[in-house]
Amino acid sequence: PIESYTRNLSFQATERMTLELEQRRAIERDELSLHYQPKLCLHTGQLVGAEALIRWNHPVFGEIPPDRFIPLAEDNGMILQLGDWVLQEACRQMREWQDSHAPFGPLSVNLSGSQLRQTQLVERIAGTLSDFGLAASSLQLEITESFIMTQAEEALLILHELKKLGLQLAIDDFGTGYSSLSYLKRLPLDILKIDKSFVRGLPGDPDDAAITRAIIALGRSLQMTVIAEGVETKAQEIFLTSEGCEQIQGYVISRPLSAESFAANFLGPLPIGSAEKAPV
């Protein structure tokens, strides 16, 4: 058993090194892409935005799941390069959609803790928006609760700077960390995302139902928009609607789609004579 355990460990280490080497080349080899998951307003049934999600399709290994390559990138420092690439690509795609489709709400991008610690992050984001002629309202940034809670004072400063640009800010994976409510009140956040681990047991699990109700009530009292992620069934959607959750994303609407499929399935034509002008 010890021998097979050691062999397994050395296989994992080799696999990790291989993946790390391949990851460093993924951007230049054009192996990365973004998929887009729509967000729906439960009151109107209308599309209110989308989340941009990174995908890595390797020519030999095929689709490598984000939960394998993102933690690796966070460990080896590649996350900054990946984050920059996602931001650029999301803004480029948004510009393209605004030129050819009716407006549909902001595109949200996940920011890692390492990115939030980057010097000149705010200038970098402002520059990217300006390069593509996008208003700040076209972009929503999702920041995990764990970063916000562990880097309290530092996070507060950065979030206020980002807010000044006119960006929408969302707290992601809410309920999985340990938020201090007095601290949460000081944050310039617009959106609170209920983590999918609580949505999964709805509507039958009484604990998940109680936690979800509490998060929705908290979000409302803080004047934040509440969105549930990972919504997979009609029963979950009905429960969330009845409890006053405002938006949902998940397989009940659509899995994340390529840019072409997203546009074909969810975006309307540009109204005649109303091409969205790039802000001057």
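The values are calculated or read from the model by the stated rules, or taken from the named source; none is laboratory data. Here the structure is a predicted model, which means the values were calculated and not measured. Every residue, glycine among them, receives a Cβ derived from its backbone with ideal geometry; neighbour counts consider all protein chains shown. Please note that ligands, DNA and RNA were not included when accessible areas were found on the heavy atoms of the full protein model with its side chains. Shrake-Rupley method; radii C 1.70, N 1.55, O 1.52, S 1.80 Å.
Tabulated results
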{"read-out": "Rg over Rh, two decimals, the stretch 10-82 (C-alpha only, Kirkwood Rh)", "value": "1.12"}
{"read-out": "Ranked order, Glu22, Glu153, Glu243 - accessible area, probe 1.4 Å, largest first", "value": "Glu153, Glu243, Glu22"}
{"read-out": "Percent antiparallel among DSSP beta bridges (both partners in the chain, rounded to 5)", "value": "45"}
{"read-out": "Values of log10 I(q)/I(0), in the order q = 0.15 Å⁻¹, for the stretch 82-152 under a Debye, Cα-only, solvent-free model", "value": "-0.51"}
{"read-out": "Value of [θ]222 nm, deg cm²/dmol, for the chain, DSSP H segments ≥ 4, -39500 (n - 2.57) each, nearest 500", "value": "-14500 deg cm²/dmol"}
{"read-out": "Accessible surface ranking that places the most exposed of Glu89, Glu229 first, with a 1.4 angstrom probe", "value": "Glu89, Glu229"}
{"read-out": "Farthest positive-ward along the stretch 70-149 dipole, Cα basis, beta-carbon charges - from Leu82, Leu134, Gly113", "value": "Leu134"}
{"read-out": "Mean Cβ neighbour count within 10 Å, used as a protection proxy, ranking 260-269, 29-38, 50-59 highest first", "value": "50-59, 29-38, 260-269"}
{"read-out": "Over the stretch 11-140, volume per residue of the alpha carbon convex hull, in Å³", "value": "132"}
{"read-out": "Candidate lysines - alpha carbon under 30 Å from Lys163, same-chain residues fewer than 8 apart omitted", "value": "Lys39, Lys185, Lys193, Lys196, Lys277"}
{"read-out": "Centre separation in Å (Cα based) which lies between the stretch 59-82 and the stretch 229-252", "value": "30"}
{"read-out": "Accessible carbon and sulfur surface of the chain relative to its total accessible area, %, 1.4 Å", "value": "55"}
{"read-out": "For Ser180, solvent-accessible area (1.4 Å; no DNA, RNA or ligand), Å²", "value": "50"}
{"read-out": "Rounded D (µm²/s) - the stretch 73-213, Kirkwood Rh over Cα pairs, Stokes-Einstein at 10 °C, 1.306 mPa s", "value": "97"}
{"read-out": "Global geometry of the chain, whether rounded, prolate or oblate, following the gyration tensor of its Cα atoms and the 1.5 cut on a/c", "value": "rounded"}
{"read-out": "Shape of the stretch 149-280, Cα gyration tensor, a/c cut at 1.5", "value": "oblate"}
{"read-out": "Karplus-derived 3J(HN,Hα), 6.51/-1.76/1.60, for each residue of the stretch 36-49, Hz, glycine and proline x", "value": "10, 10, x, 10, 10, 7, 6, 6, 9, x, 8, 5, 10, x"}
